[in-house]
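Here the structure comes first, spelled out in structure tokens, and everything after it is commentary.
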Amino acid sequence: MSERELILAVESSCDETSVAVIENGEKILSNIVASQIKSHKRFGGVVPEVASRHHVEQITLCLEDALAEAQIEPKELTAVAVTYGPGLVGALLIGLSAAKAFAWAHQLPLLPINHMAGHIYAARLVQPLRFPLLSLLVSGGHTELVYMQEDGAYEIIGETRDDAAGEAYDKVGRVLGLPYPSGKALDELAHTGKDTYHFPRAMLQEDNYDFSFSGLKSAFINLVHNAEQRGETLDRADLAASFQASVVEVLVTKTVRACQQYSVKQVILAGGVAANQGLRHELQKALATTLPAVELIIPPLRLCGDNAAMIGAAAHVELAKHHQASLALNADPSLAFERVL
Ligand code: KG4
Ligand code: ZN
């Protein structure tokens with residue numbers, strides 16, 4: 001193996017088809033992302049069958065573009081990495097089939113990667129990781145606090161008991177008439193309002209690191225519907241600000257508490273909801289005040305959403321551990337890290 005480790009990474013777990021070439025787990029040579037959001041917008045959510053069809057159309061083009069942009073020939077590659085879960089089974093299978101075919105054709109090792117590990121390792125594309133560390137993973141499908149003692153060792157210490165944070169943003173945004181996915185628009189609206197409605201802060205006082213967002217979502221929807229029935233108009237900006245204040249306070253408080261208990265060196269904020277300006281700002285502020293020695297890493301926006309570069313970064317660790325898969329590798333839609341608490 002040459003000193004220059006080059007991994008071709010493939011991601012297709014949800015509504016982004018992406019292929020990247022990553023050098024030594026830290027340098028992005030290319031990261032092609034084909035988003036399908038426009039096609040799913042009119043349905044107000046990702047339609048699995050539509051997603052699979054788009055992946056089929058896009059995957060080969062993305063693969064060719066990723067190699068061309070990186071100026072890499074297949075024979076120069078060290079391995080092929082692919083997301084095999086969690087995600088939509090039909091969507092995962094497209095990336096998996098393409099990665100397997102490519103690995104077989106070019107006689108390259110195949111590395112199976114957990115999509116959530118990818119979200120964490122997006123941080124590695126920004127700066128070196130120092131352990132132990134804690135990741136707050138917040139996306140449309142997940143809300144997890146993951147503790148890592150070392151590279152490639154993932155332990156869930158807390159997670160949502162119901163809705164994911166991003167899911168709550170999307171559902172509440174829909175009630176406000178915002179287009180899917182509404183996280184970004186709701187975030188922007190929140191910045192123009194105030195926390196006047198004081199929604200509940202679920203599980204904030206409980207002695208664990210779990211979350212719950214469905215009660216908040218119901219409280220929000222009930223408030224809006226009741227007001228509509230009475231013919232009252234509520235302040236949209238204040239509604240958005242109040243919702244965001246509740247989500248952010250719970251996420252930040254529990255993350256800081258976990259950092260204290262686990263004496264971590266770094267915190268990584270990852271996943272699509274890591275794009276949230278309120279969450280970024282409040283987490284930064286809370287850590288700077290209570291734990292100034294703890295370093296916060298927030299990947300740039302283009303690496304917070306789903307992309308293959310993060311899969312390539314996580315794959316670097318799996319390659320070092322020789323975690324190679326056979327061509328019989330299957331998709332695992334509910335793949336999860338081990339829960340330890
Ligand atoms: O990680 P991601 O791209 O896809 C997966 O779910 O795996 O996350 C997408 C989620 C959506 O629910 C979207 O509404 C949310 O991230 N999101 C945001 C923001 N930008 C995207 N949520 C809150 N604030 C944002 N600025
Ligand atoms: Zn994701």
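Candidate cross-link partners of K100 among the lysines, defined by an alpha-carbon separation under 22 Å and a same-chain spacing of 8 or more, comprise K75, K321. Per-residue 3J(HN,Hα) values for segment 278-293, derived from phi via the Karplus relation 6.51 cos²θ - 1.76 cosθ + 1.60 with θ = phi - 60°, read x, 5, 4, 5, 5, 5, 4, 5, 5, 5, 4, 7, 8, 9, x, 7 Hz in sequence order (x marks Gly and Pro).
Counting only other residues whose beta carbon sits under 14 Å from that of Q71, what net charge do I get with K and R as +1, D and E as -1? That works out to -3.
Close Lys pairs in segment 130-298, defined as Cα atoms under 19 Å apart and 8 or more places apart or on different chains, number 9. Take the chain and mark each of the trypsin sites (Lys or Arg not before Pro) that is in a DSSP loop with at most 16 other Cβ atoms within 10 Å; the longest unmarked stretch, sites excluded, is 43-129.
Converting phi to 3J(HN,Hα) with the Karplus coefficients 6.51, -1.76 and 1.60 and the offset θ = phi - 60°, segment 180-193 yields 6, x, 9, x, 5, 5, 5, 4, 5, 5, 4, 6, 9, x Hz in sequence order, with x at every glycine or proline.
In the elastic network of the chain, a GNM with C-alpha springs shorter than 10 Å, the most mobile of A79, A122, A325 is A325. Between the C-alpha center of segment 102-149 and that of segment 200-233 there is a gap of 32 Å. The charge dipole of the chain, taken about its Cα centre with unit charges on the Cβ atoms of Lys, Arg (+1), Asp and Glu (-1) only, comes to about 400 debye. Solvent exposure of segment 130-298, expressed per residue, is 42 Å² of accessible area, with all protein chains present and a 1.4 angstrom probe. By accessible area, using a 1.4 Å probe on protein heavy atoms only, the chain has 52% of its surface on carbon and sulfur. Net charge in the neighbourhood of F43 (other residues with Cβ under 13 Å of its Cβ; Lys, Arg +1, Asp, Glu -1) is +1. For segment 105-202, the set of GluC sites (Glu not before Pro) satisfying both a DSSP loop assignment and a count of at most 14 other C-beta atoms within 10 Å is given as E150. Loop-located GluC sites (Glu not before Pro) in segment 1-101 (DSSP state not H, G, I, E or B) with no more than 12 neighbouring Cβ atoms inside 10 Å: E3.
The values are calculated or read from the model by the stated rules, or taken from the named source; none is laboratory data. All values reported here derive from a predicted model rather than from experimental measurement. FYI the Cβ positions are ideal-geometry reconstructions off the backbone, even for glycines, and counts take in every protein chain you see. Side chains included, ligands, DNA and RNA excluded: accessible areas come from the protein's heavy atoms. Shrake-Rupley method; radii C 1.70, N 1.55, O 1.52, S 1.80 Å.
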